[in-house]
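Below: the structure, in structure tokens.
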Amino acid sequence: MVENIRWGIVGAGRIAHTFTSDIRFAEHATLKAVAAREMPRALAFSQQYGDIKAYADYQALFSAPDIDAIYIATPHAMHFEQVKAAMEEGKAVLCEKPITVSYGQCEALAALSKSSQCFLMEAMWTYLLPAIQQAQQWVKEGRIGDIRQIQADFGYAFPFNPQQREWNTELGGGCLREMGVYPLAFNRLFMKSEPLNITASVHRAENGADAHVVALMDYGSVVSVMGASFVSKLRNWAYVIGTEGYIAIPDFWRATEITLFKGDECIETFSFPMKGSGFEYQIEHASNAIIAGKRESDIVSHSDSLAVQHHMDQILSMA
């Protein structure tokens, strides 16, 4: 039985470095290779981290017999074709969020995962953080009563540059896919049903990229308010508010601490310092799922990814 998953990375940018730094904290994962558009970038990456093979050809990495799984860390618009090509070579895939730029693409990849029997998971690492899982446990235990409202926002100011990846519409840029995917995914953790209605305000930059977004999702007895921005730093907190209390989560997307309140009184705080940046939990989770022969994660499921994609499509259509 395989006890260690051999990973290859597609992309040599910032988030690939985070993955590589954190994989050393995952017991059942080893990084073996990296592929980039240009060999000098791949070589520089491999030399920085030691015994890692460099590829300038993505397809060569996908077909490499000594690689079990691929981590996709490229711009959003490239994900669909790269995930598809990797699974067609029989590789398990962990793909950065958002996994695709449309519901239709996501649906196609989920179907391919099923037909090819290849593991596929969106890299929503926030779901695996111990602090976030503790928040779920508090809700499950009834510590805040019945949920009535969810709030989450995520924003940092990025100077406008239509050639920069974050703003480049040809690469799937825009604040909703780059930042808003976190609040929407956080909401999905607690609200598995579809909202009765979604309304949104979408402000766009001169090239058409969404620059600032606020969305309200009405579930009847529950209302969720989500925000994302490239024009200003938002608070970047999340709240799960119930009939008997609420949970406050600073920097929820990389949470290390959560606090339970009853009225104005702090009842309990849960803190969990991480060894790495937090990616280690999703790497270990994905590796264990692959070893177990699973085709999808039981924490970041295909249905979760499809729901978030559907919500993003709806919101972006409201501009």
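The values are calculated or read from the model by the stated rules, or taken from the named source; none is laboratory data. Only a predicted model underlies this, so the values are computations on that prediction, with no experimental measurement involved. So basically every Cβ, Gly included, is an ideal-geometry build from the backbone, and we count neighbours across all protein chains shown.
Hey, any hits in the stretch 125-137 for a residue that's exposed (fewer than 15 other Cβ atoms within 10 Å of the Cβ) and more than 26 Å from Y219 (Cα to Cα)? No, that holds for no residue.
Taking the condition in contact with a strand residue (DSSP E or B) (Cβ under 6 Å, 6 or more places away or on another chain) and within 22 Å of A73 (Cα to Cα), does M179 pass? It is true that M179 is in contact with a strand residue (DSSP E or B) (Cβ under 6 Å, 6 or more places away or on another chain) and within 22 Å of A73 (Cα to Cα). For the stretch 275-319, the tally of residues that are modelled with pLDDT under 95 and touching a Ser or Thr at 6+ places or on another chain (Cβ under 7 Å) stands at 0. Of the strands (runs of 3 or more DSSP E) entirely within the stretch 37-101, those holding at least 1 residues that are within 24 Å of the chain's Cα centre (by Cα) occupy 69-72, 92-95. Can you spot a residue in the stretch 148-158 that is without any contact (Cβ under 8 Å) to a residue 60 or more places away in the chain and of a type in the set (K, R)? No: zero hits. Scanning the stretch 110-122 for residues that are part of a loop (DSSP other than H, G, I, E, B) and crowded, with 18+ Cβ neighbours inside 10 Å yields C118, F119. The residues on offer are S287, S317, S303, S297, and the sole one that is without any contact (Cβ under 8 Å) to a residue 12 or more places away in the chain and under 17 Å from the mean Cα position of the chain (by Cα) is S303. Taking the conditions exactly as written (more than 21 Å from E166 (Cβ to Cβ) and either in contact with a strand residue (DSSP E or B) (Cβ under 6 Å, 6 or more places away or on another chain) or crowded, with 17+ Cβ neighbours inside 10 Å (or both)), does Y58 satisfy them or not? So Y58 passes the test.
Kindly check whether there is at least one residue in the stretch 89-109 that is surrounded by fewer than 18 Cβ atoms within 10 Å (Cβ to Cβ) and of a type in the set (A, V, I, L, M, F, W, C).
yes
Criterion applied to R165, R188, R143, R148 was being assigned to a helix (DSSP H, G or I) and of a type in the set (D, E, K, R), and the one residue passing it is R188.
Taken as a whole, the structure places I72 among residues that are touching a Gly at 6+ places or on another chain (Cβ under 9 Å) and within 19 Å of G13 (Cα to Cα). Only strands (runs of 3 or more DSSP E) whose full extent lies in the stretch 204-319 are considered here, and the ones with at least 2 residues that are among the hydrophobic types (A, V, I, L, M, F, W, C) and either in contact with a helix residue (DSSP H, G or I) (Cβ under 9 Å, 6 or more places away or on another chain) or crowded, with 19+ Cβ neighbours inside 10 Å (or both) are 210-218, 223-229, 238-242, 246-249, 257-262.
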